[in-house]
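*Asks:* This structure is in structure tokens; I'll ask about it shortly.
The values are calculated or read from the model by the stated rules, or taken from the named source; none is laboratory data. Keep in mind that this is a model prediction, so the values were computed, not measured. Here the Cβ positions follow ideal geometry from the backbone for every residue, glycine too, while neighbour counts run over all protein chains shown.
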Amino acid sequence: MYIWFMEKILITGGAGYIGSHTAIALVNAGYQPIIIDDFSNSNTSVLKGLHEILGREVHCYTGDCNDSGIMSKVFMEHQLAGVIHFAAYKAVGESVAHPIKYYKNNVGSLLVLLETMKEFGVKNLVFSSSCTVYGQPEKLPVKEDSPRKPAESPYGNTKKICEDILNDVTRSALGLRMISLRYFNPIGAHNSAKIGELPLGVPANLVPFVTQTGAGIRERLTVYGDDYDTPDGTCIRDYIHVMDLADAHVKSIDYLKDKPDNFMDLFNVGTGQGNTVMEVIKAFEKVSAKTLNFQIGPRRPGDVEKVWADTSKITAKLNWQPKFNLEDALRDSWRWQLALADK
Ligand code: WQD
């Protein structure tokens, strides 16, 4: 495969959890990924992992997507076929404490990116959104035309605001073609165990906390509430393998290629299957052969009770299906946790 013949896709935040896995999926599909990342929520070990998996370097710029100078430099140095925009802060709790930081970075970086795309005539954009825009849906599984709810956090609100910006940009006939992907709960890791979700501080999300508890890094997992209206009283989420999520981004880039200017669409990206916290714990114990130490604690403010995706639209329009199930993802998360212990 000749590198200079491969179409280049810019991945903002490409050294992050989902971005790095998407870099692999892009190469597997014959694209050349170009990464820009400020490494505020990642580190350069990810680039080493990508090199080991791919057998070659992925070109990475260290920089802030809010910096129009570095963004113009990237667009000047590469003829880009499209952009996948991951770069954003994503810690729900932190966003409540530091809203200005979240609005400035998450909304600001999208505005700089859109201006730069227009300036350099790059039309195709895939935006990283979240099922958090639905809040607690009235009907389940949740469809893309379900009403968006008032955000529970500044983080969630930045995703809604960014989707509104994409809609307005489409109406303004700026000439772009865009897709917003509403992620459910990304978990798992590449099966090489050379990249995965990096543990920076105490994990807020369930699965990294589970694997760190299994590895003895955390004393015990606290299950946030078992008095919900669900089969076992614990919350339900749609946990999707990060490689399935990565594949949805590649199929989105392919899908945009023959679309007219000023095109906008959005898709749920989940498995279509909901699992409770207790089911995650049981599945982890099965794949790890470990007994997980956990206790039941109080509900976590802001948690929705149950949400899982209707995936019929992405299947019909992008011909995308998840390949992995909950056990596959937890097995890969666990292998990644064990590999981290050896680093
Ligand atoms: C899952 C379930 C918790 C930790 C968030 C963001 C979402 C996206 C993914 C960025 C819930 C329970 C968790 C723990 C627990 N982020 N839990 N003990 O809250 O569904 O989604 O992360 O894109 O936008 O909102 O994911 O993994 O934090 O929680 O019982 O120690 O696990 O109550 O029911 P969440 P999560």
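*Asks:* Which is of a type in the set (A, V, I, L, M) and within 15 Å of the chain's Cα centre (by Cα), of 236, 281, 240?
*Replies:* 240
*Asks:* Can you tell me which of 96, 46 is of a type outside the set (D, E, K, R) and touching a helix residue (DSSP H, G or I) at 6+ places or on another chain (Cβ under 6 Å)?
*Replies:* 46
*Asks:* So which helices (runs of 4 or more DSSP H) are wholly in the stretch 249-343 and hold at least 1 residues that are within 13 Å of the ligand (Cβ to nearest atom) and buried (at least 19 other Cβ atoms within 10 Å of the Cβ)?
*Replies:* 277-288, 326-341
*Asks:* One residue is enough: does the stretch 6-24 have a residue meeting the conditions within 15 Å of residue 84 (Cα to Cα) and of a type in the set (Lys, Arg)?
*Replies:* Yes; the residues of the stretch 6-24 include at least one that is within 15 Å of residue 84 (Cα to Cα) and of a type in the set (Lys, Arg).
*Asks:* Let me ask another. Among the candidates 144, 163, 94, which residue alone is more than 16 Å from the ligand (Cβ to nearest atom) and among the acidic types (Asp, Glu)?
*Replies:* It is 144.
*Asks:* Between a first residue in the stretch 30-53 that is farther than 24 Å from residue 339 by Cα and a second residue that is at pLDDT below 95, which pairs have beta carbons less than 8 Å apart while being 6 or more apart in sequence or on different chains?
*Replies:* Close Cβ pairs satisfying both conditions: 30/1; 30/6; 31/6; 32/3; 32/6.
*Asks:* From the residues in the stretch 204-232 that are more than 11 Å from the ligand (Cβ to nearest atom) and in a loop (DSSP other than H, G, I, E, B), which one is farthest from residue 28 (Cα to Cα)?
*Replies:* Among residues in the stretch 204-232 that are more than 11 Å from the ligand (Cβ to nearest atom) and in a loop (DSSP other than H, G, I, E, B), the one farthest from residue 28 (Cα to Cα) is 227.
*Asks:* Moving on to the next point. So for the stretch 117-129 (the condition being in a helix (DSSP H, G or I), under 19 Å from residue 252 (Cβ atoms) and more than 16 Å from the chain's Cα centre (by Cα)), does at least one residue qualify?
*Replies:* Yes: the stretch 117-129 contains one or more residues that are in a helix (DSSP H, G or I), under 19 Å from residue 252 (Cβ atoms) and more than 16 Å from the chain's Cα centre (by Cα).
*Asks:* Starting from residues that are over 22 Å from the mean Cα position of the chain (by Cα) and not in a helix (DSSP H, G or I), keep the ones in the stretch 68-85 and report whichever is surrounded by the most Cβ atoms within 10 Å (Cβ to Cβ).
*Replies:* Per the stated criteria, the residue is 78.
*Asks:* If the requirement is being of a type in the set (D, E, K, R) and within 21 Å of residue 140 (Cβ to Cβ), which of these qualifies: 306, 323?
*Replies:* 306
*Asks:* I've got another one for you. I'd like the full set of residues that are crowded, with 21+ Cβ neighbours inside 10 Å and among the polar types (S, T, N, Q), limited to the stretch 182-208.
*Replies:* Scanning the stretch 182-208 gives a single hit, 185.
*Asks:* Could you identify the single residue in 129, 146 that is within 17 Å of residue 308 (Cβ to Cβ) and either without any contact (Cβ under 8 Å) to a residue 60 or more places away in the chain or of a type in the set (D, E, K, R) (or both)?
*Replies:* 146
*Asks:* Sticking with this one: For residues that are within 16 Å of the ligand (Cβ to nearest atom), touching a residue at least 60 places away in the same chain (Cβ under 8 Å), part of a loop (DSSP other than H, G, I, E, B) and within 22 Å of residue 339 (Cβ to Cβ), tally how many sit in the stretch 167-203.
*Replies:* The total comes to 7.
*Asks:* Check whether at least one residue in the stretch 209-220 is touching a Ser or Thr at 6+ places or on another chain (Cβ under 7 Å), surrounded by fewer than 16 Cβ atoms within 10 Å (Cβ to Cβ) and farther than 22 Å from residue 93 by Cα, and report yes or no.
*Replies:* No - not one qualifying residue is present in the stretch 209-220.
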